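*Asks:* Starting off with a structure, shown below.
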Amino acid sequence: MARNAHAPASSQAGFLVTLFASTFLMGSSFVAGKILLQQGFTPMILVGWRFFVAALATLPLVLAGERNIVAALLPAKAGLRDVALVILIGLLQTAAVMGLLFWAMQFISASTAAILLFTNPIWVAVLGRIFLGESLHRARLLGLLLGVVGVALAIGISPSMFSGGMTLAGEIIGIVSALCWASATLINKRAALPFAPWALSFWQMLVGAIAILVIAYINGEQWPDNVTREQWGWFLWLSIPASTGSFGLWFVALKRGGATRTSGFLFLAPLFTVILAYFILDTEISWMQAAGGILIGLALWLVNRELPARSRRERADEVIAEGEP
């Protein structure tokens, strides 16, 4: 009996470690990407090859515990519907999210685009309630809203950012990128695909990478002629730990927790970005950013704290919706 009582706590700890690792690596990708963009790499080429290499780097993890690569990547239970959904997830979560994000930054600032992208948990919560029937208590909704405000403060939002220079089109594109991410999250959660997390991560990154590279080369973008060792180092970090690691761990987390609960931790990614930028890019941390970090912590507590159910049936529904053991 003691053993069974300990299992949920162990599972919860593993869930939290997975999410913190995923969001840390996700946050580091913004720093690595910014360094490379500042040194002359074009956006779509960088994103496309980043996820192509990331997909290949996932293969050893896909094969872990499997006897052959065909069985690992193409499970016997996978049908045409499952293949179509995997392609859709890749086009949404890799190609559409990243492509639209860089497109939006042609019209609005990178900070504003990031704020719009990380409204994703709000859309996951709302759409999850509509399509998956996931619980959305007032405290959880308040937590999600505080998280968005915290992200805005942590990345240094200011009133001047919204005065001129940004068009309605760019803001709409930024919101659509967040909606694409939310849609991919909910599709993955609802579809119950027969793919293991790392196999799913491989396919969605490969599909997205190919789509982005096709667009990039059609637009005339090229890989830089001379790439230094330092640049290769940042690119490999961006491709493997910050992409293979973060995406793979993200899919693992989605299988362990509900879509609403898991996506609430995305607020940590821009916070980690601010912290890493302070040490690597010598970016100062203002009192406003510190306040944003406090709001993010409060948001995570509100999103993930246990709330008493009004009835046994309601509690049972919550357990099913959140995917708890």
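The values are calculated or read from the model by the stated rules, or taken from the named source; none is laboratory data. These numbers come from a predicted model, not from an experiment. Reconstructed Cβ throughout: ideal geometry from the backbone, glycine too, with neighbour counts over all protein chains shown.
*Asks:* Show me the helices (runs of 4 or more DSSP H) found entirely inside segment 16-107 where at least 3 residues are farther than 14 Å from T244 by Cα, in contact with a strand residue (DSSP E or B) (Cβ under 7 Å, 6 or more places away or on another chain) and of a type outside the set (V, I, T). Quick ask: steps written out before the conclusion?
*Replies:* Details: elements: 43-62, 69-73, 80-90, 97-104.
Fully inside segment 16-107 and qualifying: nothing.
*Asks:* Another question, then. Considering only residues of segment 12-30 that are modelled with pLDDT of 85 or more and out of contact with any Phe, Trp or Tyr (no Cβ under 8 Å at 6 or more places or on another chain), which is surrounded by the fewest Cβ atoms within 10 Å (Cβ to Cβ)?
*Replies:* Per the criteria, the residue is V17.
*Asks:* Separate question: Exactly one condition in (1) buried (at least 20 other Cβ atoms within 10 Å of the Cβ); (2) assigned to a helix (DSSP H, G or I) is not met by E134; state its number.
*Replies:* Among (1) buried (at least 20 other Cβ atoms within 10 Å of the Cβ); (2) assigned to a helix (DSSP H, G or I), the lone unmet condition for E134 is (2).
Conditions tested, residue by residue: (1) at negative phi; (2) in contact (Cβ under 8 Å) with a residue 24 or more places away in the chain; (3) among the small types (G, A, S).
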residue	(1), (2), (3)
D225	yes, no, no
E230	yes, no, no
F235	yes, yes, no
S246	yes, yes, yes
G258	yes, yes, yes
F265	yes, yes, no
L268	yes, yes, no
L271	yes, yes, no
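*Asks:* Could you name every one of the helices (runs of 4 or more DSSP H) located completely within segment 236-291 that has at least 1 residues being closer than 18 Å to I89 by Cβ and hydrophobic (A, V, I, L, M, F, W, C)? Walk me through it before giving the result.
*Replies:* Working: elements: 246-256, 259-263, 268-280.
Counting at least 1 such residues, we get 246-256, 259-263.
*Asks:* Taking W123, is it of a type in the set (F, W, Y), over 20 Å from L268 (Cα atoms) and in a helix (DSSP H, G or I)?
*Replies:* Values: of a type in the set (F, W, Y): yes; over 20 Å from L268 (Cα atoms): no; in a helix (DSSP H, G or I): yes.
Considered against the rule, which asks whether it is of a type in the set (F, W, Y), over 20 Å from L268 (Cα atoms) and in a helix (DSSP H, G or I), W123 comes out as no.
*Asks:* So which of A78, A84 is loosely packed, with under 15 Cβ neighbours inside 10 Å, closer than 15 Å to Q204 by Cβ and among the small types (G, A, S)? Quick ask: steps written out before the conclusion?
*Replies:* Numbers: A78 fails: loosely packed, with under 15 Cβ neighbours inside 10 Å.
Exactly one residue qualifies, and that residue is A84.
*Asks:* Given A191, A199, A209, which one is at pLDDT below 90, surrounded by 23 or more Cβ atoms within 10 Å (Cβ to Cβ) and among the small types (G, A, S)? Outline the logic, then answer.
*Replies:* Working: A191 fails: surrounded by 23 or more Cβ atoms within 10 Å (Cβ to Cβ); A209 fails: at pLDDT below 90.
After applying the criteria, what remains is A199.
*Asks:* Where residues in segment 240-287 are touching a helix residue (DSSP H, G or I) at 6+ places or on another chain (Cβ under 8 Å) and among the polar types (S, T, N, Q), which of them is nearest to L153 (Cα to Cα)?
*Replies:* In this case the residue turns out to be T273.
*Asks:* Report every pair of residues separated by at least 6 positions or lying on different chains whose Cβ atoms are under 6 Å apart, first residue within segment 5-17 and closer than 13 Å to K255 by Cα, second outside any helix (DSSP H, G or I) and at pLDDT below 65.
*Replies:* S11/P325
*Asks:* Only one of (1) modelled with pLDDT of 85 or more; (2) assigned to a helix (DSSP H, G or I) fails for A9. Which number is that?
*Replies:* Against the list (1) modelled with pLDDT of 85 or more; (2) assigned to a helix (DSSP H, G or I), A9 comes up short only on (1).
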